[in-house]
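I have placed the structure first, in the form of structure tokens, so that the comments after it can refer back to it.
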Amino acid sequence: MDAERRQTLEETTRWDPGAIEQRVFQRWIEGGWFHPPAEGTPAQNYSIAIPPPNVTGALHMGHALNGSIQDALIRLNRMRGRNTLWILGTDHAGIATQAVVEKQLASQGTSREELGRERFTERVWEWKEQYGSTIVEQYQRLGASCDYERERFTLDEDYVRAVYKVFVDLYEKGYIYRDNYMVNWDPGLRSAISDLELENREVTDTLYEIAYPLESGGELVVATVRPETMLADTAVAVDPNDERYRDVVGEHAILPLLERPIPVIADEHVDPEFGTGALKITPGHDPNDFEIGRRHGLEEIVVIGEDGRLIPPAPDRFVGVTTAEAQKAVVEELRDKGLLRGEEPYTHSVPFSHRSGERIEPLISLQWFCRMYELAKPAVKAVKEGRVRITPDGALRQYLHGMENIPPWTLSRQLWWGHRLPVWYRGDETYVGEEPPGGDGWEQDPDVLDTWFSSALWPFATLGWPDTNTPEFKAFFPTDVLVTARDIISLWVARMIMTSLEFTEQVPFEDVYVHSVIQAPDGRRMSKSLGTGIDPLDEIDEHGADALRFGLLAMTSTQDVRFSQARVQQGRDLANKMWNASRLVLMEARDDVEPGPRSGRVEDRWIASRLQRAVRSVSESIEEYDFSHAALDLYEFFWSELCDWYLEIVKPRLYDGDEDASATLLWALEQVLALAHPIMPFVTEEIYSYLPSPSAEALVIHPFPELDEGLIDQSAEGEIGQAIALTRALRRWRQLAGIPVKQVLAARTDDGRPHELVSRLAKVEFSEDGGEPIASVAGVELLETEGIDPEAVAARIEERREKLRGEVKRGEGKLSNEGFVAKAPADVVDAEREKLAAYRAELEELGG
RNA sequence: GGGCGGUUAGCUCAGUUGGGAGAGCACUUCGUUUACACCGAAGAGGUCGCCGGUUCGAGCCCGGCACCGCCCACCA
């Protein structure tokens, strides 16, 4: 170590991540370690495709957890020597991106309509070039070891080719079709949107009861919150088993205001308990009515346009007004005619557009769909056969549940930003193909595909598919694991499995790990609009990326969890502890020794053994996707066993230049840095650069520690374990007796062992002779010493005796229970007998 | 309405096939011993949501109840 580095080490008493993290990251990039060669086979290699963040996005806490998990897996496997690729890319995010750019245009006093489609699309691309890398840079701050040289985008030329091929193939196989269907229409965006983009809100409307006269006389009273849609009514429905209406089914009612006869039909959907038990049917403007209409072959009349205003065939007096105005006018007319039979407030949940905030208008429109039922079958089979394993079980059940009765997927979106449908029309002709058709007069469909359509191809389209001969595809597909949150299992995970099986005949990944959703500390959803968001970049600025990574991993669980600042601080404290413990070792250890475990002294064998157990538990936890235990076990080993006990035990030897102590410590440090690296890459890499004789160029490619069974030493663990227990008992007694920290106590023990460690750690001096015993603690007699409060000591002893009497009583009770002795396993009973004997012996020693 | 999960220390969460309840933070006391006060030592704190059952023995298994989340489908 040169003098300057040594000085830095001596002076820097706190781990200060700020500048160091950026420098360390730069070194990783320059080393090329995140950019693997496209060699080897998928079975040998390890790969993960990142869930592509929206190109408009900013890193939020969900990304931070998702990225921390994947990076831990990627780093672990890279250190294990596997050729490892973390596929990076962004999603064009049709609606979100278009909205951002439109907002920008609005502030410049223009609009997309004014620019026209071509110039608008150019503007979005410009925006993407300028701002699209923001979130990628933010992943770097987290330390994510993605391959930044192979970044992909869902609108890359090659990617578009994959999307078109899939669309055309599915069309030719008969899965994709065009139809009139009811969609969620967003009048603000003027586009159909998917169910995912909805948000249900509680709304209080008025429930109106309206009389529909019957042709034969009498009337049917229906209940509705949307009287204006009666202008498109084509039937009235009742429950088939409803006695009240048995006679009128098959008759006609006269639709008020329009004076048009409509049939009275019977349908199971109608709930006879609700309202009057009669339901007006508007197939053109209500999803349920649409289904009923299709079942009964009813006409689908549309009176609400794409802008949310009424259109013909609504009567002229309503055309052009908003639905709210139309409702008011319709109610007035009904009231005048004496047909309004009741109105009362009614609270129900209503879908709103997540994007524009407007109330969804269910509309019938001509859209492209994909039938999912057949595609879902093999995807269910693959999971049931274990070719794709979904962890945890709850997520597996959710996947299977979502695959039952999977509805057709609305593919088309009335947007400009995205993959334009590979569909052309000329008159009544329709052409579907990857290239435009020959001949004049063809016009391409103006719609674009749902963003999830391209996302569904992510794991293979990013590797070059449909060309299955690219080096990347051959080396890295199928990928190993997909890491995501619960909310997009059906929307994304299931669709990737379906498309992959259909087009590559392989599963896209072998494992799916579904992690927690991080909620705000108060249990609400973390969101910008609620003001409950916590910015991961703020946490990184304040505590460092390692701290955030540790905290998030320690927090995560099989259920959703509340964000815990304390866990991030625990991570920060651990990074600092690592830095300082390493300073001690690096400053004091001899650098002329060969690092390695030494077996001459029991404490050296002990730490080597305990390290093996930490290696085992941390490795197994990560392999089982149990990141919380991995993080906390690492913490426990480093803080408690390595620092609190081993370092304190070997300090004198270290200062004396003991060779074994230096060798063991340097070895243990290198091992534990490697063990911690997948979770806390920055601080471990930085410390690694100070090691006198590192075995690799950088920690990021240092071999991950492997369990060495030969170093597990039961007897050393027993011996040091006892010394620790005795030390703690003595310290406890000292504190209780009010003995000053520095006061050395005279003591005597009859087990013949020197207890050198205990002597130093508990500040007692063992001798063969000496004064009168004043107390006995765990087999050690403490002798009279100046400055001890005899009453406190007596109280302490009595407290212990009392406890022992209780234990003895409990043990005796248990062992005299015939049921226990007869039915409990033998080892449980034996353990109980041993405990009882030990308690009796100690009680005896303390005078009964 | 259907499905999944939760209820354990003041807070956030662990708790292996049933065999004496744990961590971090917060709290109390002591401590500036040549890595670290983002530190060290010690301590206090829990009828494991409620009721019943199975068992020699239940935080864990079974039944019921009460709250709280999430997902899907939504009665106009």
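The values are calculated or read from the model by the stated rules, or taken from the named source; none is laboratory data. Computed from a predicted model, the values in this text were never measured in an experiment. For neighbour counting, all protein chains shown are included, and Cβ atoms are generated from backbone atoms with ideal geometry for every residue, glycine included. For the accessible areas, the whole protein counts, side chains as well, though only heavy atoms, and no ligand, DNA or RNA atoms are used. Shrake-Rupley method; radii C 1.70, N 1.55, O 1.52, S 1.80 Å.
What residue among A:Gln722, A:Ala192, A:Ser564 has its Cα farthest toward the positive end of the dipole of chain A, where the charges are +1 on Lys, Arg and -1 on Asp, Glu, each on the Cβ?
The listed residue farthest towards the positive side: A:Gln722.
Return the long-range amide H neighbours of A:Ile311 (sequence gap of 5 or more, or a different chain), with a cut-off of under 5 Å between placed amide H atoms.
A:Ile304, A:Gly305, A:Gly320
Testing the spin-label approximation: label points 7 Å from Cα along Cα→Cβ at A:His401 and A:Phe274. State their distance in nm.
Roughly 2.2 nm, to one decimal.
Step through the residues of the range A:88-99 one at a time and calculate ³J(HN,Hα) from phi using the Karplus curve (6.51 cos²θ - 1.76 cosθ + 1.60, θ = phi - 60°), rounding each to whole Hz and writing x for Gly and Pro.
3J(HN,Hα) across the range A:88-99, in whole Hz: 10, x, 10, 9, 5, 6, x, 5, 4, 5, 4, 5.
Considering the dipole of chain A built from charges on the beta carbon (Lys and Arg +1, Asp and Glu -1) around the Cα centre, which of A:Gln44, A:Met680, A:Thr13 is farthest to its positive end?
The Cα lying farthest towards the positive end belongs to A:Thr13.
Dipole of chain A, Cα-centred, from +1 at each Lys and Arg C-beta and -1 at each Asp and Glu C-beta, to the nearest 20 debye? Don't skip to the end; give the middle numbers.
On the way: 91 positive and 148 negative charges, 144 e Å.
With Lys and Arg at +1 and Asp and Glu at -1, about 700 debye.
Just how much of A:Ser617 is accessible, in Å², when a 1.4 Å probe is used and the result is rounded to the nearest 10?
Here the residue's solvent-accessible area equals roughly 40 Å².
When the Cα centres of the range A:389-450 and the range A:717-736 are compared, how far apart do they sit, in Å?
69 Å
Along its three principal axes, how long is the range A:770-848 when you only count alpha carbons? Whole Å, largest extent first please.
Rounded to whole Å, the extents work out to 54, 21, 14 Å.
Name the residues whose placed amide hydrogens come within less than 5 Å of the amide hydrogen of A:Trp417, ignoring near sequence neighbours (fewer than 5 apart) on the same chain.
Distant-sequence amide H within range of A:Trp417: zero hits.
I'd like the per residue volume of the convex hull spanned by the Cα atoms of chain A, given in cubic angstrom.
Here the figure is 250 Å³ per residue.
Enter the Cα centre distance for the pair the range A:277-325 and the range A:94-133, rounded to the nearest angstrom.
Their Cα centres are 34 Å away from one another.
Given +1 on the Cβ of Lys and Arg, -1 on the Cβ of Asp and Glu, and no further charges, what dipole in debye does the range A:191-239 carry about its Cα centre, rounded to the nearest 20?
100 debye
Would you work out which of A:Trp127, A:Tyr164, A:Ile95 lies farthest towards the positive end of the dipole of the range A:84-226, given +1 charges on the beta-carbon of Lys and Arg and -1 on that of Asp and Glu, about the Cα centre?
A:Trp127
Taking 8 Å as the Cα distance limit and 6 or more residues as the minimum spacing, I'd like the relative contact order of chain A as a percentage. Present the calculation step by step, with values, prior to reporting the outcome.
Details: 1427 pairs, mean separation 112.8, N = 848.
Worked out over chain A, it gives 13 percent.
Expressed in whole Å with the largest first, what are the equivalent ellipsoid semi-axes of the range A:469-551 derived from the C-alpha gyration tensor as the square root of 5 times each eigenvalue? List each step's numbers first, then the result.
Details: eigenvalues 230, 64, 21 Å².
Sorted largest first and rounded, they come to 34, 18, 10 Å.
HN-Hα J couplings of the range A:213-223 from phi, Karplus 6.51/-1.76/1.60, θ = phi - 60°, integer Hz, Gly and Pro as x?
Ordered by residue, 3J(HN,Hα) equals x, 8, 4, 7, x, x, 7, 10, 9, 10, 10 Hz.
If ligands, DNA and RNA are left out, what is the accessible area of A:His354 with a 1.4 Å probe, given in Å² to the nearest 10?
Surface open to solvent at A:His354 totals about 110 Å².
Using the C-alpha atoms of the range A:1-145, what convex hull volume per residue, in cubic angstrom, is computed?
182 Å³
Distance between the C-alpha centers of the range A:188-242 and the range A:654-707? Whole Å please.
70 Å
Can you return the aspartates and glutamates within cross-link range of A:Lys377? Criterion is Cα-Cα under 15 Å, with same-chain partners fewer than 8 residues away left out.
A:Glu385, A:Glu404, A:Glu502, A:Glu505
Could you go through the range A:407-419 in sequence order and give the Karplus-derived ³J(HN,Hα) for each residue, using 6.51 cos²θ - 1.76 cosθ + 1.60 with θ = phi - 60°, rounded to whole Hz, and x for Gly and Pro?
x, x, 9, 6, 8, 8, 10, 8, 10, 10, 9, x, 7
Report the per residue volume, in Å³, of the convex hull enclosing the C-alpha atoms of the range A:703-848.
Working: hull volume 23.8 nm³, N = 146.
Hull volume over Cα atoms, normalised by residue count, gives 163 Å³.
What aspartates and glutamates could a cross-link reach from A:Lys763, if we take a straight Cα to Cα line under 17 Å and drop same-chain neighbours fewer than 8 places away?
The reachable aspartates and glutamates, counting only those whose Cα sits under 17 Å from A:Lys763, are A:Asp644, A:Glu648, A:Glu781, A:Glu784, A:Glu786.
On the Cα set of the range A:443-505, report Rg and Dmax in Å, please.
13.3, 43
Once amide H atoms are built 1.01 Å from N in the peptide plane, which residues 5 or more positions from A:Thr90, or in another chain, come under 5 Å H to H?
Placed amide hydrogens put A:Arg152, A:Phe153, A:Thr154 under 5 Å from A:Thr90.
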